[in-house]
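These notes concern the structure reproduced below.
The values are calculated or read from the model by the stated rules, or taken from the named source; none is laboratory data. All figures in this text were calculated on a predicted structure; none of them were measured in a lab. Backbone-built Cβ (ideal geometry, glycine too); neighbour counts: all protein chains shown.
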Amino acid sequence: MAEAVEAPTGERRAEIQAALDEVRAAIRQRQTGDARLVAVSKYKPASDIVAAHAAGQRHFGENYVQELCDKAAALPGDIAWHFIGRLQSNKCRALAAIPNLWAVETIESADKARKMDAAWRAAGHARPLGVYVQVNTSGEPNKGGVEPAELEAVAREIAGACPALSLRGLMTIGSVDGSRQRPNPDFVALARLRDGLQQALGPAAGPLELSMGMSDDFEHALELGAASVRVGSRIFGAR
Ligand SMILES: *Cc1c(COP(=O)(O)O)cnc(C)c1O
């Protein structure tokens, strides 16, 4: 049985509601389409997620598999979970056991795509799992993600050899340095890569979206075409 989740205090609830309202207003001001807000709740207690859920938030992002599994088991089933942490092959099975996992945003090789596909199939879900290919747009050696030159091959592997996965788009984190520049070169690079990939794969691949932008730069990411922004500390406070 899942542990009961402590109810948030009235004060915390109001705080999270107010922060969410602000972020939503900022999104509304800048979006051209229907941008999705993914509330990044890593390290934050499940009661914070309850507060955001009560305020209407449904998409949440987590970085650590065990933390995500624990929270998913204890929290409402209508939450759409995004895994946004480094994907390890030996954790695909644990992720696939989460019935309301909505997307894995950090596919960074054809091998990991195949492993996630096999795990999702083995778990017997009736719907495909959404995935994003994470791209290392900043070329930093320690950053996750495929190199831009490998992107098309990985995307083709997902589209052609991973029937349980549905390619939703591309994701980047980008460098700290890049996040101080306008335009942010990582966001510009991801948008260009998406355009090229969309052309290469054709309309059958469906529209490919951009997951980019965090607390400090999601407004800017929206101006550059982000369809999904991942915002943590602006909603839940510093970690
Ligand atoms: C932690 C994290 C975020 C959210 O960062 P904030 O600066 O707190 O908004 C977004 N994306 C990824 C991949 C993260 O690890």
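Taking the range 225-238 only, how many residues are near the ligand (Cβ under 9 Å from one of its atoms), of a type outside the set (D, E, K, R) and part of a strand (DSSP E or B)?
Counting residues in the range 225-238 that are near the ligand (Cβ under 9 Å from one of its atoms), of a type outside the set (D, E, K, R) and part of a strand (DSSP E or B) gives 2.
Looking at the structure I just gave you, is residue 166 in contact with a helix residue (DSSP H, G or I) (Cβ under 6 Å, 6 or more places away or on another chain) and either at pLDDT 95 or above or assigned to a helix (DSSP H, G or I) (or both)? It would help to see each step written out before you state the result.
Details: in contact with a helix residue (DSSP H, G or I) (Cβ under 6 Å, 6 or more places away or on another chain): no; either at pLDDT 95 or above or assigned to a helix (DSSP H, G or I) (or both): yes.
For residue 166, the condition - in contact with a helix residue (DSSP H, G or I) (Cβ under 6 Å, 6 or more places away or on another chain) and either at pLDDT 95 or above or assigned to a helix (DSSP H, G or I) (or both) - is not met.
With the requirement that a residue be touching a strand residue (DSSP E or B) at 6+ places or on another chain (Cβ under 9 Å) and surrounded by fewer than 17 Cβ atoms within 10 Å (Cβ to Cβ), what does the range 65-92 give you?
Within the range 65-92, 80, 86 qualify.
Can you tell me which residue is farthest from residue 151 (Cα to Cα) among those in the range 180-207 that are of a type in the set (A, V, I, L, M, F, W, C) and either at pLDDT below 95 or within 15 Å of the ligand (Cβ to nearest atom) (or both)?
In the first step, residues of the range 180-207 are kept if they are of a type in the set (A, V, I, L, M, F, W, C); the result is 187-191, 193, 197, 200-201, 204-205.
Of the ones still in play, those that are also either at pLDDT below 95 or within 15 Å of the ligand (Cβ to nearest atom) (or both) are 187, 190, 204-205.
Details: 187: 16, 190: 11, 204: 17, 205: 14 Å.
The qualifying residue farthest from residue 151 (Cα to Cα) is 204.
So which residues in the range 153-171 are β-branched (Val, Ile, Thr) and either free of Cβ contacts under 8 Å to residues at least 40 places away in the same chain or closer than 22 Å to residue 126 by Cα (or both)? Lay out the reasoning, then the answer.
If we filter the range 153-171 for residues that are β-branched (Val, Ile, Thr), which is where we start, we get 154, 158.
Passing the criteria: only 158.
From 210, 222, grab the single residue that is more than 12 Å from the ligand (Cβ to nearest atom), in a helix (DSSP H, G or I), within 21 Å of residue 39 (Cα to Cα) and touching a residue at least 24 places away in the same chain (Cβ under 8 Å). Even if it seems obvious, please write down each step before you answer.
On the way: 210 fails: in a helix (DSSP H, G or I).
Of the residues listed, the single one that is more than 12 Å from the ligand (Cβ to nearest atom), in a helix (DSSP H, G or I), within 21 Å of residue 39 (Cα to Cα) and touching a residue at least 24 places away in the same chain (Cβ under 8 Å) is 222.
Taking the conditions exactly as written (in contact (Cβ under 8 Å) with a residue 40 or more places away in the chain and crowded, with 17+ Cβ neighbours inside 10 Å), does residue 174 satisfy them or not?
Working: in contact (Cβ under 8 Å) with a residue 40 or more places away in the chain: no; crowded, with 17+ Cβ neighbours inside 10 Å: yes.
Answer is no for this residue.
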